[in-house]
Amino acid sequence: MLEIWLIMLLCKSVKNNAIERGRKPGGFIALAIVLWIIPEIVGLIIGYSLELEYASFLIAYGLVGIGAAISYNVAKHCKKGDYVTPTEQIIRQFTEYYEPLPIETNITITREKAFSASAAKFDMVLNGRSVGLISNGDILHARTDQRQNVLVARASGGNDTPPFVFQIADGCNVDIHFAAGRFIPERSTGIVAYGKAVTLNPALAVPRYVPVIDTQQVAPVYAPVQQPSPYAAPVQAQAPQAQGVHFCESCGGPLNPGAKFCGSCGARVE
């Protein structure tokens, strides 16, 4: 019984690792099972052939540990892909583009008391965003501004329930019922459609997330300032000559029209 639980735990970890890398988890889960069973059988055969009796189990479990570590790391460090789970596809469908409601609507999540999974707490994820944990017999409140919504209950082990997709009308408060790890739409109120009946009208849909194109920021280039050499001859700045105005060739001062001598230095004007 313990071994079965350990295999399930390994398969769950391998599955999560593969999905995080964008890969389908089926092949990695099969590899984990193979690398558990075959090393265990080989270890038992080696132990019994050497007449080690109970020590054979130590050899088998040692090989099982090596196989489990290999399968875990293969999924953890595999090449990245573009696989998206069906649940994530549904969430993206109604979060990237959605039909807005005139005003925000209250959503009450009622978890009915049940013996099954009574000790487990579920993280309620509404439209890809966690709205809180809910225990057996508790009530959780949330708000939404979109007509089509996706609600997922996530257990502490990381397993998600099938997504509950529902559509609400203007001004309706919604009460979603949940029990024993599943949603109960027939007991829920304020829902005008759920499941496959919920569709998105492209004419009314608006983007929630505006795509942002990353552009490379180019740092400004500053030209070096040419410092004058201390040995260079000083350059005298010349004032721009206005049209119709003459200047003295000796001191550079302005000359009055028709003057024979400079009014500043007295030099003769030629």
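The numbers here are math on the coordinates, done by the rules we state, and not lab data. Source: prediction; values computed, not measured. Every residue, glycine among them, receives a Cβ derived from its backbone with ideal geometry; neighbour counts consider all protein chains shown.
Some points to look at:
- Each of Lys260, Lys15 has some number of other Cβ atoms within 10 Å of its Cβ, and from fewest to most they run Lys260, Lys15.
- Between His77 and Glu112, full extension at 0.36 nm per residue minus the direct alpha carbon distance yields a gain of 8.5 nm.
- Once the C-beta distance of Leu101 and Leu2 is scaled by a Förster radius of 51 Å, the resulting FRET efficiency is 0.50 to the nearest 0.05.
- Furthest towards positive pole of dipole, Cys11, Leu44, Val64, structure part the range 1-93, Cβ charges: Cys11
- Förster-model FRET efficiency, 22 Å R0, Ile33 and Val84, C-beta, rounded to 0.05: 0.35
- Largest-first principal axis extents, alpha carbons of the range 2-76, Å: 46, 20, 14
- For the cross-link pairs Lys15/Lys79; Lys76/Lys121; Lys24/Lys76; Lys15/Lys196, the ones whose C-alpha atoms lie over 19 Å apart are Lys76/Lys121; Lys15/Lys196.
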